[in-house]
Every structure is written in structure tokens, then in C-alpha cells.
There are 2 protein chains.
Amino acid sequence: MRMDPQELLSLCKRRGFLWPAYDIYGGLAGTYDYGPLGTALKRNIEDYWRELYVVGEEFLELSCPIVAPEAVFKASGHADAFSDMYVECTKCGETFRADHLAEGLHENPASLDEKQLGKLLRDKGVKCPACGGELSEPRRFNLMFKTSVGAGKGKVAYLRPETAQGMFVNFSQVYRYGREKLPVGVVQIGRAFRNEISPRQGVIRLREFSQMEAELFLHPDNKTWPRYKNVKSEALDLVPNKGEPRRMKLEEAVHDKVIANEALAYFIWLTYRFAIDIGLSPAKIRFRQHLEKEMAHYAADCWDLEADIGYGWTELVGIADRGSYDVQAHISHSGADLTAFEKFEEPREIEERIVRPNFGALGPIFKGKAKRVAEALSKLPVGTVEGKGSAVVDIDGQSLEVPGSCFEISTRKEKVSGRKLVPHVIEPSYGVDRILYSVLDHAYTKKDDYIMLKLKGLVAPIKVAVFPLMAKDGLDLIAMDIYESVSKAGITAYYDDSGSIGRRYARMDEVGTPCCVTVDYDTKADGTVTVRERDSAEQVRIKKSVVPEAVRALTGGATLKAISSING
Amino acid sequence: MRMDPQELLSLCKRRGFLWPAYDIYGGLAGTYDYGPLGTALKRNIEDYWRELYVVGEEFLELSCPIVAPEAVFKASGHADAFSDMYVECTKCGETFRADHLAEGLHENPASLDEKQLGKLLRDKGVKCPACGGELSEPRRFNLMFKTSVGAGKGKVAYLRPETAQGMFVNFSQVYRYGREKLPVGVVQIGRAFRNEISPRQGVIRLREFSQMEAELFLHPDNKTWPRYKNVKSEALDLVPNKGEPRRMKLEEAVHDKVIANEALAYFIWLTYRFAIDIGLSPAKIRFRQHLEKEMAHYAADCWDLEADIGYGWTELVGIADRGSYDVQAHISHSGADLTAFEKFEEPREIEERIVRPNFGALGPIFKGKAKRVAEALSKLPVGTVEGKGSAVVDIDGQSLEVPGSCFEISTRKEKVSGRKLVPHVIEPSYGVDRILYSVLDHAYTKKDDYIMLKLKGLVAPIKVAVFPLMAKDGLDLIAMDIYESVSKAGITAYYDDSGSIGRRYARMDEVGTPCCVTVDYDTKADGTVTVRERDSAEQVRIKKSVVPEAVRALTGGATLKAISSING
């Protein structure tokens, strides 16, 4: 059974993970605040991702402005094509996604244009879902937030709808920084914005959200990755767009052309590892290949990591081979030279066919102009004269016909040390808010109204809680000392001395704290404390001096038994 | 001598700290990209700040949306009062800050209104600095970026000009999360936006920038902080707005009312500690109190941390006691109850004077209406009847005069357990980009064209570089192993095997890497490597197995001598 989103969002609100933003002013649909626990959880997820990509794979991290000039999105296509259709109620003024209102009335409402969709809604008698009023005709609405930079007329700018463009436009900078080698990878973690017409589904479809995006710039003919060899025999559950869903080894999938290339396969695998390590349930995630009609025309291949959550199967990550599309678009629009230089192992001899003037024949015919005619001839593309008996050149605005005897087509050989190429891009793009929500969804358990978040130690916002059995007799001072020693070791801890121990455990279980340490009267006698593990509710006693080490081990995945041996 | 900003920005661009953003499209004034080294340096600064505030002082971290509804800024005052004046050239269309053009023409151009400033510019014959054209009259320009949320008419919204408001509007959430106690502190780290008319000075005045802001909500009568006692005898160089600049102990400054209260003094001290630890030069920073005319009318006190950098003395941090202003503004505008509840130690008896009906006298006069007259009497404010011979009450729309014999003024005692109060706020607000720039400015050294950034280990983007003397004979493999062991220990490392060792040292000195490890032929024989310290250029040999530990110690401030003893 799927997790009820309202129940989860209610826990998130009550315990400080997520709050509807600007609530005292009636809120702003499609925006959420991250409370103290949500902020910590989000940071833990982002930090681990950074560890995988920046430390593990040596991607370079950039941080670009959110406000970007219109030209960037003219090139990327967002200015012209990043839109949805909406209808407005003529009575109450509410707006709705036009294709959402047509759900169930047509097999693919998203494929219709304004007129077709308008006719469909009219024919089916669709009214305003809020007040029953008449609806306007569908209109296109660009999903980028628009603003203006500078005083006076100002300059049109947009809030970025993705972090990716900041990395594409910086290809040359990154390429130089990486000493002009391919492949070179870049990442960016940050906010992005989409002015959704009617945001729904909590933090799944936000108007302001966070992305972790990676752009791997590759040689078009060499789409592999150094560590692919270490993982190629690992198997993943794949849902390809042809044939049945099946479990395949990566090397098999690449060999059978189910996954387009080795680099793409590697980052699908890395995404799987990330997902499992942060606590998504292996049984509730899958990699689904885009259907051919879903895929962008330029994409060589595209896979989504989907999670089964309260809202159904939901895309968390997209991993696409985007070919040269993005970089080429910015080359075309900006005129900048965003190419890599491939140096050949050995200089190569290139053959080029050219028009070669015949000076002996030119002189008598063109006299003083012969030299300029010869120059003009040698600049003509071969195709314009080949197979013709003569050529036409332009001298001082005058067209001169040059007989075939005055030139010949010949072949020139040249030594070149390399060539320019437009890099291809593999883009793993992660939606942070959706990932965070899915981690909570998969971690949530409830038994007889007792809620427990089984968050992994890696991501849990609080790693350990420290309790004195009673807030007196010096137990509180000992507990505070332990709390401080844990905090100083860089471990996020929580001190609590109010209410029964059972209630304190319950409070920590509800926010996913992996373990609790209790100071009791024995602590004063023998210096030991109780460590309780959340998931098993089992306890061991250890020396208070080893608490930081024990918590680090436990949240890193060690067993309670292993912890008790630290004691000795 | 001050550091030339152009020289520093040129290093920043060349080595991947900062790049003018969206450069291939002609850029967007007032925005910068953080390259790989800039992003890492910025994160190190932010992480250390978080360690001080969130771990050290137990502030709660929030993360709120950047796009916020207009109502928030109506309350904060930004919608109406956050503006500058500009003039536009009638010929070339360029815009300029009107008060900037009046610099030197008036002792305080910022104090003039549109008309006065317009007259001044006209009288002095000021023309367009770009083309010499005629200038328009000055106009007010709101510095918030405006946008619209939702399709159709949409809803006016702004990009936040500071992160603070998201914390103020969440006071109740935070107060509940902290178990309804004062003081409670909140922080937010994130982007903020100001649509500057003519941004100048590199990353000092950006249109899109990063802030680290803390809001400490306090009891109005108890402005202290637990750890103040640990630092009160520390002395700081202060520039108060009255009297001479002087070095004072914090307790002295508080006692003499130079600093308004203990909590403010503590956060001034914490800001000092932060500044020194990230590498600002003690001789080039100061705390300057706002002049009385600079201070907001509601502010009880305000101090800036200023740094002496290439642009002159520049504000990096503002630390203000803002009284109840912000929270009160949101209470007034939203109607929400953003108060704290002060529970008295003991319930207190409150005396209240009331109008008490005399039933014996009312009955005979008012008969069947006597009960309702009595109720109406008891609701009358005492002031309306006191000293008068009679009272007037309204029954069924009819005014009835009630003789003085029918009531008396008496005193009622009530037990109350506490009272509501609007918290006061102390706000330390840090500008990340300016801080980062100042760290670079203070770390920059140049001797005979040899550039070295003396960055502290705490913030250096690369902590250690690992070099094989030659990229052959297995030295490269050993070096790569060491590089990987350091990376796995969570230390940011850089591997480099190209060019002479001297050139590799120089490259690392230029980006502030505190130490370099070199693998040579002796390494193969005895397993030792050379560690070179950047600032002293001195070297020691240590076992390759202890490199991670040694680097951690060295970047944490240990001496090279201490490092060599790890060896034993």
C-alpha cells in the first residue's frame, strides 16, 4: 500500500522538516520552507552526492547566477518552447493546466495544440472545477519566471529553469581549467524555478526547487568512463522502451544496445548506488528508458530513475545522452568557440580538393587583372565549378567568366596536428526535493500509531540523542558533557531531558534519529551509558568516553554488536 | 598599499575562482560565476560559519524560497522604501545612480529628494558620463527584482533582497520547534538579490549575492547569551560613534554602554573569531558602530565588521539589535500571533478594576431587564463611568440611564500564569561574496612576479597537492595511491604530474594550497615522501602512510616540525 502524502506532509510540518512557505500571508502555492530537520536532511543528501561526483568522480563544481539574460534561453530553446497551456475561469479567475482538465477525455491531451484542446474541452462541456464557471480558450504560458535587470527600460532576464545552462555556457572555462582534456565533468547544486500553472503534489512539483546536475563533456567517439570496468558486471532492473522489463548486467545492456554507451551505463549505476546509500528501497525504484516519443529529438538515449511513492511512480533523476545539442546551440547563438581540440597522436595528412588557377592561361586573357582573378578562383568552393566548362568570379563588382582552360581541380595535402570538435554531453540531473520526499516516504513506518522514520545514518538529520535518565543528581551534567563531546566530533546531536525516557525515544524515532544514549545512575558508578538502536530497539552498554566513536560507527552501518566491542 | 582589484580579479578569472557570468552573451553586470576553486572556497567559508552558529551556538538552520509574495515586503518596508534614484541619458539610454553623479557636488547627495537632486545636477551641468548627452530628471527605482507567479494575471512577487524575512515570518514555527523557549536562534545561508542601478566593484556590489544571516530572538528584558561569560574579558578594537576609536574589553564596552548589551557583544566577538579563523588580517579589520544618523530608527545598536581591501574600508558583516521591529511589522500586517509566552515563575495576581452591578438596586428599577442591564454594566470600561453619578447602557438599541446606586467600582484579582511578548531580534548578517573577496585580498602576496595566496588551511579550496617527481618508473602510481588515500579521508587533493616540480609548486602557491607532497626515487626505497609547506617553503620527509594525518594536522594549524614527529 502506498504512503498517504497528507499523512507524511503532516509529520513533516509537525516535526520541522517542511513548512508551507509564507503561510502567515496565505502562502505561495508551489513553495515550501525547509525547517531545521528538513534543511539538515537536504544538506546530507547534497553532501553525499557531492562526495560521489566531486570527490569520487572528480567533477568540477560551479555555482552560477540564478538570474540569466534572455539570450541564454533563446539558445537553449526555453524562451520559445518551454510552455504549458492554461485556461482561465471567466467567473472566478482561477487558472488551470488545460491538458490536466482533458485527462480521461483524450488519450494524449499533451499532444493537442491550443485549438484542438479548446475544441475538446468545449465539446465535452468542461467547466471550472472551482466554481463551475465558463472557461477561456487555452493559451500558451511560458514557464520561466520573467524579470527585468537594471533601471529604466531594463533588460529582460529569467530565473533559470534548470542549473544546466550555466555549465554549458562555461564549457570553455571548464575545459581550460581541466587542462584541455576530454572527458571533463562539471556539477552544480542549486535552486531552479518553473512558474507552474497549478502546482500540486506537495514538494514533487514546486515552483522553486533544488537540482543537483552533472554535465559530462565527452569526445563524441569515446563515450566511456574510467571506472566503468569496475561495475560493468553489476546487474540492474531495467525497463527498456523495447521488450520486457528485465534485470541485466551493465555490460550486457551496453552490448545489446539497450543502454547507448558505457559512460551512460556507468552514471545509471552511480545513480543506483546513490539511491540505495541514501536509503531508497531497492524494491521501490526502477530505471525506465524514455519512450521514443518522449525522448528529445537530439537525445541519443535517456533513462529516468523512478521511485514508487505516495504519488505513484515518480521521476527523481534523468540521465541522458544529449549529444552535441546544448553546446552546439550556444555556439550557434553566441558565436563563441565552445569546442575542444583533439590532438592527433601523430600529425595527420589531410587531403583537400581545391580550384587551382593556371597562370599561363590567365595572363594573356586577363592581363593586369590576372593575379586577382587567380586569387578569386582559388577561393571558389570546388562544387561551384566542378563539371562545368567555366567559372564565374567577381572582380570590382564585375562578373567575369573564366574559361575552363584557366584552372583545374586538384588535390592539396596538408599536415594538421588535430581538429576542433563540439563535445557531446551526458547529463545526470537530480531533483533534490523529490529525492528527499521519497527518502522520507520509503523510511516511514507506522505500527499502532507509533511512527518511526527508518532513515539511514548517512542522511539522518540528527545522528544521536543524549538523555539523562533524570535531569538531576548530576546526570544532566554528564549527559551534557557527552552531548558536547559528540558535537565537537562533528556529529549532529540532540540533548533532551524532558518527559519520560519512552516519550523521548518516541520523539527521536519519529524524526529518524538512528540511536539514543542514556545516562543513568550506573553511569556515575562505572562510567557506562546505554546505547539504544532505533530499528531493533536493542540496547548495549558502552563506556561514555567511546560514545563519539560508537555513534560514528553505528551511523556508518556497523551493528550494535560491533559497537559493544569498542568498549573493551 | 592596497591590493589592486583588477589584479586580483584577473588571478580569480585565470585560476577558476570567479568568472564574469554569461560572458559569451556579453555578460550580465553585477553577476559572477564561481568557478571550481571559488565554489570550494565559498563552501569552506559557509561550512565554518555553520559550524560556529549551528553546532557551536545551536542555532536552527532554515532554507526558505527566494521568490516571496508582495505582502512580505509590504510588511518589511522593502516594497515602499527599498529604492535608489536613477537618471537616464536621453541620448544613449544608459542609466546611472543619481546620487553617484552628485558625489563631490554636495556633502550628502543621498539625503536629497528627486527634485533637489535634479536641480543640483541641472545647476552643475552634469551630463551623461558615457556619451555627454542630456540626463533625465531623477526617478525612484525599487531595488527588488519583480516577477509574477502563476498564469493569467498572476500574483506580484519579488526575489528576496535578504534572507532575513523568511526567518521572521517563521518565528512561530521556530519557537514551537525549540519547545517555546527564548532565546532561540535561526540561520539561513542562501542567495539574495538587489537590482542595483549601476553595479560596480566586482563581487562587492552584486545584483545576485549570497548571505549568511542569523536571527536571535530574545526576551526584551534579557539580552544576554550563555557563553558571553567566557569571552567578556576579551578585548576588541572598536570604532564607536562617540569618542575615539579604542581597544576595549567586551565587559567594559557593555558596562560603559558603548555596546548596547551582552548578547550583541557576544556576536560581535563571534564575528571577530570567524573573521580571524578564515584568514582575515587582524590589522585590516575593525568594528565600526553606525553613526546615529545611519542607524535605523528602531535599531537599538548596530556595528559593522569592516575590512580594509582594494576598494577601501568595506562592510562585510552587520550586527544589529533590531528591537521588536521586524516581528511586530509582520504581526501588524499578517494578523498572525508571532509572540512568545513568558511563563512567570509563580502565577501572578493581577488586579483589575471593574464595574460591579448592584443587583438589589437594579431589580426594582429595571424589572425584567435587570439581568441584561447588569451584564451590560459589567462590560463597561471603568473609565466611562468613574466619577460620574450614573452610567448609560444600550439594551435592544435603547439607551438607558442607570443611577449610581445601581453599581460600584471595585477591584477584581486574577491569577495569570504568564504573558505574551513580542521577541526582540539581534541580527548578525554576513555578506559571503565580500567576505570571500576580502579573504583573497588579505591572502594575496606578490614578490618578483611570484604570486602566492596565503590562504588558511581551514578555507583553502585544495588542501594538498600530490606530485610524482617524474610521471614514470612507478612514481606516478605511488603518487596516485597517496592522492586516493587523502581523498578517501575526505581531504580535497589535487594530482599533478606535468611540468617541472618548481612550476607545479608555483601553480599550487598561486591558488593557496597549503602543502604539497612529492614522491621521488627515495620513496621507492624507504616509503617516505617530501612534504613542502607553502608559506615557509620548508620541507620535511614523512612516511607515505601518514600523509592524510599529516595534511589534516598541517591544514589545522600544526607546524611542520610537529608533522615530522607523526613520522616516528
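The values are calculated or read from the model by the stated rules, or taken from the named source; none is laboratory data. This one's a predicted model, so the numbers in the text were calculated from it and none came from an experiment. Quick reminder, even Gly has a Cβ in these numbers, built from the backbone with ideal geometry, and neighbours come from all protein chains shown. Protein only, heavy atoms only, side chains kept; ligands, DNA and RNA dropped before computing areas. Shrake-Rupley method; radii C 1.70, N 1.55, O 1.52, S 1.80 Å.
Determine if the stretch A:471-494 includes at least one residue that is assigned to a loop (DSSP other than H, G, I, E, B), open to solvent by 50 Å² or more (accessible area, probe 1.4 Å) and either farther than 25 Å from B:Leu60 by Cα or basic (Lys, Arg) (or both).
Taking the stretch A:471-494 as the starting set, the residues that turn out to be assigned to a loop (DSSP other than H, G, I, E, B) are A:471-474, A:489-492.
Applying the additional criterion that residues be open to solvent by 50 Å² or more (accessible area, probe 1.4 Å) yields A:471-473, A:490, A:492.
Still in the running and either farther than 25 Å from B:Leu60 by Cα or basic (Lys, Arg) (or both): A:472-473.
Within the stretch A:471-494 (the criterion being assigned to a loop (DSSP other than H, G, I, E, B), open to solvent by 50 Å² or more (accessible area, probe 1.4 Å) and either farther than 25 Å from B:Leu60 by Cα or basic (Lys, Arg) (or both)), the answer is yes, since at least one residue qualifies.
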*asked:* Can you tell me how many residues within the stretch B:331-390 are part of a loop (DSSP other than H, G, I, E, B), β-branched (Val, Ile, Thr) and either free of Cβ contacts under 8 Å to residues at least 40 places away in the same chain or open to solvent by 80 Å² or more (accessible area, probe 1.4 Å) (or both)?
replied: 1
_Of the residues A:Ala29, A:Ala102, A:Ala81, only one is more than 11 Å from chain B (Cβ to nearest Cβ), in contact with a Pro (Cβ under 6 Å, 6 or more places away or on another chain) and of a type outside the set (D, E, K, R); which?_
A:Ala102
*For the stretch B:499-548, how many residues meet the condition of being in contact (Cβ under 8 Å) with a residue 40 or more places away in the chain and of a type in the set (Val, Ile, Thr)?*
8
*asked:* Can you say whether B:Val54 is touching a helix residue (DSSP H, G or I) at 6+ places or on another chain (Cβ under 6 Å) and among the hydrophobic types (A, V, I, L, M, F, W, C), as far as the supplied structure shows?
replied: no
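Being within 17 Å of the chain's Cα centre (by Cα) and either of a type in the set (Phe, Trp, Tyr) or closer than 19 Å to B:Leu159 by Cα (or both) is the filter here; which residues of the stretch B:175-194 pass it? Steps first, please.
Filtering the stretch B:175-194 for residues within 17 Å of the chain's Cα centre (by Cα) gives B:184-194.
Across the stretch B:175-194, the qualifying residues are B:Val187, B:Gln188, B:Ile189, B:Gly190, B:Arg191, B:Ala192, B:Phe193, B:Arg194.
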_Selection count, the stretch B:32-66, where residues are touching a Phe, Trp or Tyr at 6+ places or on another chain (Cβ under 7 Å), of a type outside the set (D, E, K, R) and within 7 Å of another protein chain (Cβ to nearest Cβ)_ = 5
_Checking the structure you have, find out if any residue of the stretch A:107-114 is within 14 Å of chain B (Cβ to nearest Cβ), of a type outside the set (Lys, Arg) and closer than 29 Å to B:Arg160 by Cα._
no
*Return yes or no: is B:Gly202 closer than 25 Å to B:Thr39 by Cβ, part of a loop (DSSP other than H, G, I, E, B), in contact with a strand residue (DSSP E or B) (Cβ under 9 Å, 6 or more places away or on another chain) and in contact (Cβ under 8 Å) with a residue 12 or more places away in the chain?*
yes
*asked:* So for the stretch B:262-273 (the condition being among the acidic types (Asp, Glu) and buried (at least 16 other Cβ atoms within 10 Å of the Cβ)), does at least one residue qualify?
replied: yes
*In the stretch A:416-439, is there at least one residue being among the small types (Gly, Ala, Ser), touching a residue at least 24 places away in the same chain (Cβ under 8 Å), surrounded by 20 or more Cβ atoms within 10 Å (Cβ to Cβ) and more than 29 Å from A:Arg50 (Cα to Cα)?*
no
*What number of residues within the stretch A:133-165 are in a strand (DSSP E or B) and either open to solvent by 10 Å² or more (accessible area, probe 1.4 Å) or out of contact with any Pro (no Cβ under 6 Å at 6 or more places or on another chain) (or both)?*
13
*Could you tell me which residue of the stretch A:274-293 is surrounded by the fewest Cβ atoms within 10 Å (Cβ to Cβ), considering only residues that are touching a His at 6+ places or on another chain (Cβ under 8 Å) and part of a loop (DSSP other than H, G, I, E, B)?*
A:Ser281
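Evaluate the following for B:Arg412: is it open to solvent by 50 Å² or more (accessible area, probe 1.4 Å), at pLDDT below 95 and within 35 Å of the chain's Cα centre (by Cα)?
Working: open to solvent by 50 Å² or more (accessible area, probe 1.4 Å): yes; at pLDDT below 95: yes; within 35 Å of the chain's Cα centre (by Cα): no.
The answer is no for B:Arg412.
With respect to A:Leu316, is the statement that it is over 30 Å from A:Thr384 (Cα atoms) and either open to solvent by 40 Å² or more (accessible area, probe 1.4 Å) or outside any strand (DSSP E or B) (or both) true?
Details: over 30 Å from A:Thr384 (Cα atoms): yes; either open to solvent by 40 Å² or more (accessible area, probe 1.4 Å) or outside any strand (DSSP E or B) (or both): no.
No.
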*Look at the stretch A:31-54 and say how many of its residues are without any contact (Cβ under 8 Å) to a residue 24 or more places away in the chain, open to solvent by 30 Å² or more (accessible area, probe 1.4 Å) and in a strand (DSSP E or B).*
0
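With respect to A:Val466, determine if the residue is closer than 18 Å to A:Tyr272 by Cβ and modelled with pLDDT of 95 or more. Don't jump to the end; show me each part of the working.
Working: closer than 18 Å to A:Tyr272 by Cβ: no; modelled with pLDDT of 95 or more: yes.
Judged against the criteria, A:Val466 is not a match.
Tell me, which residue of the stretch A:509-567 that is in a strand (DSSP E or B) and among the hydrophobic types (A, V, I, L, M, F, W, C) is nearest to A:Asn44 (Cα to Cα)? Steps first, answer last, please.
Looking only at the stretch A:509-567, we keep the residues that are in a strand (DSSP E or B), and these are A:515-519, A:528-533, A:539-543.
Keeping just the survivors that are among the hydrophobic types (A, V, I, L, M, F, W, C) gives A:515-517, A:519, A:529, A:531, A:540, A:542.
Values: A:Cys515: 17, A:Cys516: 20, A:Val517: 22, A:Val519: 28, A:Val529: 28, A:Val531: 23, A:Val540: 27, A:Ile542: 27 Å.
Ranking the qualifying residues of the stretch A:509-567, first place goes to A:Cys515.
Looking at the structure I just gave you, is A:Ser76 more than 8 Å from chain B (Cβ to nearest Cβ), farther than 30 Å from A:Leu182 by Cα and open to solvent by 10 Å² or more (accessible area, probe 1.4 Å)? Spell out the reasoning first.
Working: more than 8 Å from chain B (Cβ to nearest Cβ): yes; farther than 30 Å from A:Leu182 by Cα: no; open to solvent by 10 Å² or more (accessible area, probe 1.4 Å): yes.
Answer is no for this residue.
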_Tell me whether the stretch A:328-338 contains one or more residues that are more than 14 Å from chain B (Cβ to nearest Cβ) and within 23 Å of A:Glu213 (Cα to Cα)._
no
*Inside the stretch B:98-120, can you point out the residues that are touching a residue at least 24 places away in the same chain (Cβ under 8 Å) and open to solvent by 30 Å² or more (accessible area, probe 1.4 Å)?*
B:His100, B:Leu101, B:Glu114
*Verdict on B:Arg14 being within 11 Å of chain A (Cβ to nearest Cβ) and out of contact with any strand residue (DSSP E or B) (no Cβ under 9 Å at 6 or more places or on another chain)*: yes
*Output the number of residues of the stretch B:205-230 satisfying the condition of being closer than 30 Å to B:Glu252 by Cα and either open to solvent by 10 Å² or more (accessible area, probe 1.4 Å) or part of a loop (DSSP other than H, G, I, E, B) (or both).*
12
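Pick out the one residue from A:Lys367, A:Lys343 that is at pLDDT below 95, away from every other protein chain (no Cβ under 14 Å) and within 34 Å of the chain's Cα centre (by Cα). Lay out the reasoning, then the answer.
Working: A:Lys367 fails: within 34 Å of the chain's Cα centre (by Cα).
Answer to the check: A:Lys343.
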_Is it the case, given these coordinates, that B:Val67 is open to solvent by less than 20 Å² (accessible area, probe 1.4 Å), without any contact (Cβ under 8 Å) to a residue 60 or more places away in the chain and hydrophobic (A, V, I, L, M, F, W, C)?_
no
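How about the stretch B:254-283: which of its residues are free of Cβ contacts under 8 Å to residues at least 24 places away in the same chain and over 30 Å from B:Tyr437 (Cα atoms)?
As a first pass, look at the stretch B:254-283 and keep what is free of Cβ contacts under 8 Å to residues at least 24 places away in the same chain: B:254-257, B:276, B:282-283.
Passing the criteria: B:Val254, B:His255, B:Asp256, B:Lys257.
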*Can you tell me which residue in the stretch B:173-199 is farthest from the other protein chains (Cβ to nearest Cβ), limited to those that are among the β-branched types (Val, Ile, Thr) and not in a strand (DSSP E or B)?*
B:Val174
